Structure formats: C-alpha cells, structure tokens
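Heads up, the thing below is written out as structure tokens.
The values are calculated or read from the model by the stated rules, or taken from the named source; none is laboratory data. Treat the numbers as computed from the prediction; the structure is a model and nothing was measured. Positions of Cβ are backbone-derived with ideal geometry, glycine not excepted, and every protein chain shown enters the neighbour counts. Just so you know, the surface numbers come from the protein's heavy atoms only, side chains and all, with ligands and any DNA or RNA stripped out. Shrake-Rupley method; radii C 1.70, N 1.55, O 1.52, S 1.80 Å.
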Amino acid sequence: MTPGEDAAPTTESMGSLLASLDDADRETLELRLERWLDDLVAALRVLYPEHDVSALARRLVGSAVAGFTARPAELRRLDERRLLRPDWLQQPGMFGYACYTDRFAGDLDGMRSRVDYLRELGVSYLHLMPLLRPRDGDNDGGYAVQDYRTVRADLGTTEDLERLAGDLRGEGISLVLDLVLNHVAREHDWAARARAGEEHYRDYFHVYPDRVMPDAYERTLPEVFPDFAPGNFTWDDELEGWVWTTFNEWQWDVNWSNPDVLVEYADIVLHLANLGVEVLRLDAIAFTWKRLGTNCQNQPEVHAVTQALRAVARIACPALAFKAEAIVGPRDLVQYLGQGEHAGRVSDLAYHNSLMVQVWSMLATGSTGLTKVALSALPATPPSGTWICYVRCHDDIGWAIDDGDAATAGLDGHAHRRFLSDWYAGDQPGSWAHGLVFQHNPATGDKRISGTAAALTGLSDAETRHDEVGVGLGLARLFLAHAVVAGWGGIPVVWSGDELGLPNDPHWQDEPGHEDDNRWAHRERIDWSLAARRHDLTTTAGKVFGGLRHLAAVRASLPQLHASAQTTVVRESDDGVLVVVRTHPSGPMVCVYNVTASWQTVDLRHVHGAGITHAHDALGGHPVFGGPDGRAALSPYAAWWVVEAPSRVPHT
C-alpha cells in the first residue's frame, strides 16, 4: 500500500482530536466530520497522491477543531443560522457594494460610521478591498500581502476589523475580504525565511537554480502585465535562484504542491472567519497550480485546492462562503462553481465576467446577437452556485469574448475585441465613452480599458459639457447596465462611486505608486459633500443613487430573482432587444432590455409564452400593454422586469 492509498480516515479515527471538547461541541463536530471529511480526503488524494493522506487529513482536522474551539459564540450562532438557510447568498435581497476602505471612509472606524449609508442603498454584502498588511511601496493595490493576520496600520487593527464585522452583521450586511492564494509579498515571513536559507520555507515557493525550467515553462505562459512586469520568473540574489513571479517581481507564487502550504492557508482561512468575515474572495485562484506545457491556469487541481479549504471551513465555521476570483474564458468559468466531482464542494460564488463584457458589447453596438449566443452557450450553474454580477469592478475591463461565439454571431472575435477597446477609449466615430487604455500589447492586440461607469456610459462627459440630452442618455445607459446585472439572478455588486455617478478621477496619477496604473482613475475617493446631496433629484448624483436604490428594493421583492432560478436567453427577439426568461416556482419573470438609443418593440408572445397572463413591469410599476400586432413599444434603453400583475383586493 503506497502512502496515497492508506486506509481512508474516518470520523472515529479523528476521535482523539475531539476528546477535550464537551459533549455538545463533540457531537457538533462529529456530525460535521461525518458530512465533510470525505470531501477533504478526496481532495487530498488528488493533490498529494505521494503523501500520507491520513496524516495530512489529521493535521487539517486538528486545525478545524482549534478554529471551532476559538470561534466566538455569536459566530457559532451564525453558523447554525446559515446551515438552516444554505441558500442565503442566493436570496433576491442580496445586493453588493465594493470599495477600498481608505478611499470610501478613511479607515475601519470611518467605515463603521458609514454603515447607515450602505443600508440606505440596500447593501447586504460589502466587499472591502485588500486591507491585510501589504508590503511597503508598490503592492498591486494591496494584493502583495506581507502578513495575513495583521490589518494595514493606517486602517486600524484586527480588533477594529472585528468590531466593524459585528456592526455590519447587526445590520444584515455580510463582510467580504480578499484572500490572495497564488502569491505572497517578497517581504512575507515565508519568503524572508526562504532567503535566509531555511529549506522548509524555500519549498513554499517555485525556485530554480538556472533558466532551464523557467524557459521551459515560459514557452506556454502568457504575460499578465507585459508593460511593467514582463516574464514570469525573477532572479533573487539572496535566494540564489529564479523564483516564479506571475504578477510582479515582488509577488512570489507559492507552491501548492507542497502540503505544508495548504495547512498554512487553512489556518489563515479559519483566523479570518473567526474575525467575522463571512465571504472570502479567493484571489488569483486560477493560477495556483503549475503544470509544464500549459498556461498554468485552470488546472484540474485548482478545484481540489478549493475543495480541501472549503471542507476544513465547513467543519469549523460553515457560515463562511468562498468566492472564486477567476477572470477566465466563458467555458472555464462555471467550473469554479463546481461541476462533476466538485459539484457543491468548491466556491459558492464566482464572477460572471462574461455577463459584464456582454453588457458593454451591447451598449457599444446596439446589438444583442453576440450576447444571445455567448450567454446561451454557458453551461448551467450548479443549484448551489451563485454568480457575482457587476457592471465593472476595481480592475480594468478585458474583452473576454470567445472566438467561437463571435463566429456564430457573424463576427470576427479579434476585430470585435479591438472595436470595443477603441469604442470605450473614445477612438471610434460616434463613441460617447471616455475610458483609458490599459496595458496595450501590440503583439497580441490585447487592449484593456479603465473607467468609471459614468465615464464609460458617456454620462460624466455630457455633464461636463452641460449637454442635457447627453446626460439623459448617459443616465439611461447606466441604469440599463445595472438593471441587466441586477436582473440576472446572482448577487449584483456596485463599485464604489458608481452609485453617485462619479467621473474618472482626473488626478489619479498624482499619488505615489499610481503613476503607471490608470486603474486608479476609477478607484476614486468618495466625495461626501456630493453624497450628502443624494436625495436631491435635481442632481446627477441624486438620480443615480435613487435609481440604484430602487433597483435594490424592487429586486428584494421578487422571488423570481433567487439565484437558483433557471435563466433562459430568448434567441428570437429583435436584434436591439434582449429578452431573458427566469423560471421559478413562485412564477415566471421576463426581463426585457432595449440596448439602443432608438425606440424598439418587443413581441409579447415571449411574455405570455412564459406563463404571464397580466403583464406588469415591476421596475416601472405599470402594466404592460401591446398594440393590435401583439407588440409593445420600448423607449430608448428601457429596462423592464415583467411579472404577473399583483392581485387586486376587491373593494367591500
């Protein structure tokens, strides 16, 4: 019997780890081990077939027991609540917001003072961008982490984070934090000890004495940041070797084929969960497993890594959810929510990058042809899987359009990607957008775009020019974009500032370390004097804030927007109109979107065929009527969420 084929660990074999617990806690953990130990062992057998899986499972269960024992009573109660409602993330009342703590509120105490603002918008899911201690100087926006257990000094302390999590929890808002899985800062303790000559920690990284293996890998590896971080390996004099650095020379990729790395990250997961974090965004997860001859992305072991971490968390703190940060091709995306042997065992959430790209494609072209093909081609999500839907995020927009989808829609994929880049940079005739070009690579044609929602929809430029018609069209595009993502059924997430229609920050280059990264143009600081006017509907900020708040409120009232509902894109609608049918036991819902600046019509057979007799637009609060030809008129950039009309109570 080889080490990887030893007898399967059982709940009984873990009994000594539970011996010191009282009867109630021991019974709780025994039940959880019965449910999730097999998932853990199965993942370990995939990842480490040459190791003693029983011993490794015992180490990880020991970590889970310690995490459970240290878990505060209030969070244990949350665990029970989540177990009773496993679909909590799929509820239509989930509405997200993402921001940098310092740029939104200064520090963690400042965030506590702004919780009322978030609740007013309808937020129930708050993603705070990286706030764990990064390296000094350039740190990739906080994604070069030096210490996973310490908060950035200018933002506060771990105690401040714990208090904020408690305040948010009391208001029904789940706290989301980043956990960078692929790499650590060069200054991290693991890396420092590796440079000091400790072989144990040198094995935490991919280190090579010469260029033989790096050159072999480079033949199939893409470059993430070709402008300022070309190549994937960096020579380090202290280490006396070439270390794998996918993103930047000061971000060292960790070696997940070393089981000690898995144990380290499992402990970090439990630590953050016990501070009150409810969702961990698994950053750069697609890059974690390396295989010669591939692009070292989306390898099968990536999902086993997630399954192992998820099993440990379910044993110790089942209220914790995982979100995969996998900005990958449309065909690879659904795997991160769990397919095949990993169904229901990996991440609860994943970013619907394809939906975001298609929203901008529709607005630029006034056509839904490509979108119908692309979104119809995506595999169905697992019943427990939920999309994060967004108009934009903190990052640039890359045009992840599948060439096969483009060809089916009669387009050339490369040419369409180039068109979208030029359109949103304002370099196409008729473009209303004012984005910034990010990381143009002439060799590949890759040309990404930065910009706020207001800049990319033409709203901010029209406001600067005092163009009332342009402002109206920009507002309509912005609302339409948010309505599409809020009506898809996942968790819609608004990026900070977009709820006020903020333009690109004209001074983004002035901050040290930001000079070469124009993504900071759309990571602007909140203007609280402008936010104070959010109830003034004569202002753009008031109109945008009120519109998004209305989206959140209507969404929360519609059970059809539960994330598990089946979503079908209607292929037969007119080219300028997107029709999406959602099927739910509470009744059908038909989303209708005019993606053009002209009046369009929609055939109401799509509505009646879905089972809706008395059509009612829940967003507009009015009945939907058609003409003699059975078609209804749609104003420019109209967005309808059509459901069965509310029952009328007869007068007595």
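Give the accessible surface of the chain per residue, rounded to a whole number of Å², with probe radius 1.4 Å and ligands, DNA and RNA excluded.
Roughly 38 Å² per residue, with all protein chains present.
What residues have an amide H closer than 5 Å to that of residue 491, excluding those fewer than 5 places away on the same chain, when H is modeled at 1.01 Å from N in the peptide plane?
387, 388, 389
DSSP beta bridges in the chain, what fraction antiparallel, as a percent rounded to 5?
About 60 percent, rounded to the nearest 5.
So what is the relative contact order for the range 439-489, in percent, with contacts set as C-alpha pairs under 8 Å and at least six apart?
Relative contact order here is 25 percent.
With an 8 Å Cα cut-off and a minimum separation of 6 or more residues, compute the relative contact order for the range 122-186 in percent.
Value for the range 122-186: 42 percent.
I want to check the label-to-label distance for residue 635 and residue 58. Put each point 7 Å from Cα in the C-beta direction and report it in nm to one decimal.
Computed distance between label sites residue 635 and residue 58 equals 7.0 nm.
Just to confirm my numbers, what's the Cα centroid distance between the range 389-445 and the range 461-528 in Å?
18
Accessible area, 1.4 Å probe, largest first: how do 393, 99 sort?
Ranking 393, 99 by accessible area, largest first, yields 393, 99.
I need the fraction of alpha carbon pairs in the chain separated by more than 42 Å, rounded to a whole percent. Walk me through the numbers on the way to the answer.
On the way: 52611 of 212226 pairs.
Considering the chain, 25 percent of its Cα-Cα pairs are separated by more than 42 Å.
For the range 155-207, which whole percent of the accessible surface, found with a 1.4 angstrom probe, sits on carbon and sulfur atoms?
Summing carbon and sulfur atoms, their accessible area is 40 percent of the total for the range 155-207.
Within 10 Å of each candidate Cβ there may be at most 12 other Cβ atoms; applying that plus a DSSP loop requirement, which trypsin sites (Lys or Arg not before Pro) in the range 505-607 survive?
Answer by residue number: 571.
Two-decimal Rg/Rh of the range 438-579 from alpha-carbon positions, Kirkwood Rh?
My calculation of the ratio gives 1.02.
Quick one: Karplus J couplings for the range 539-556, per residue in order, coefficients 6.51, -1.76, 1.60, θ = phi - 60°, nearest Hz, x for Gly and Pro?
With the stated coefficients, the range 539-556 comes to 9, 4, 4, x, 5, 5, 4, x, x, 6, 5, 5, 4, 5, 5, 5, 4, 5 Hz.
Just to confirm my numbers, what's the Cα centroid distance between the range 560-576 and the range 236-287 in Å?
Cα centroid to Cα centroid, the span is 38 Å.
Over the range 526-652, with every protein chain in place, what whole percent of the accessible area is carbon and sulfur at 1.4 Å, could you tell me?
55
Report, in listed order, any pair from 323/543; 447/543; 323/372; 290/323 with a Cα-Cα distance greater than 28 Å.
323/543; 447/543
May I ask for the Kirkwood hydrodynamic radius of the range 329-468, worked out over all distinct Cα pairs and given in angstroms to one decimal?
16.2
Computing the accessible area with a 1.4 Å probe over protein heavy atoms, can you report the carbon and sulfur percentage for the range 334-424?
50
Rounded to the nearest Å, what's the spacing between the alpha carbon centres of the range 121-179 and the range 309-325? Just the number, please.
So the two Cα centres are separated by 18 Å.
Rounded to the nearest 500, what is the 222 nm mean residue ellipticity of the chain from helices alone, with -39500 (n - 2.57) per DSSP H run of 4+ residues and division by all residues?
-10500 deg cm²/dmol
For Cα pairs less than 8 Å apart in space and 6+ apart in sequence, what is the mean separation divided by the residue count of the chain, i.e. the relative contact order in percent?
12
Compare the peptides 237-244, 594-601, 348-355 by average per-residue count of other Cβ atoms within 10 angstrom and give them in order, highest first.
348-355, 594-601, 237-244
Which order do 162, 120 take when ranked by solvent-accessible area (1.4 Å probe, heavy atoms of all protein chains), largest first?
162, 120
At a Förster radius of 60 Å, what calculated FRET efficiency corresponds to the Cβ-Cβ distance of residue 237 and residue 572, to the nearest 0.05?
0.40
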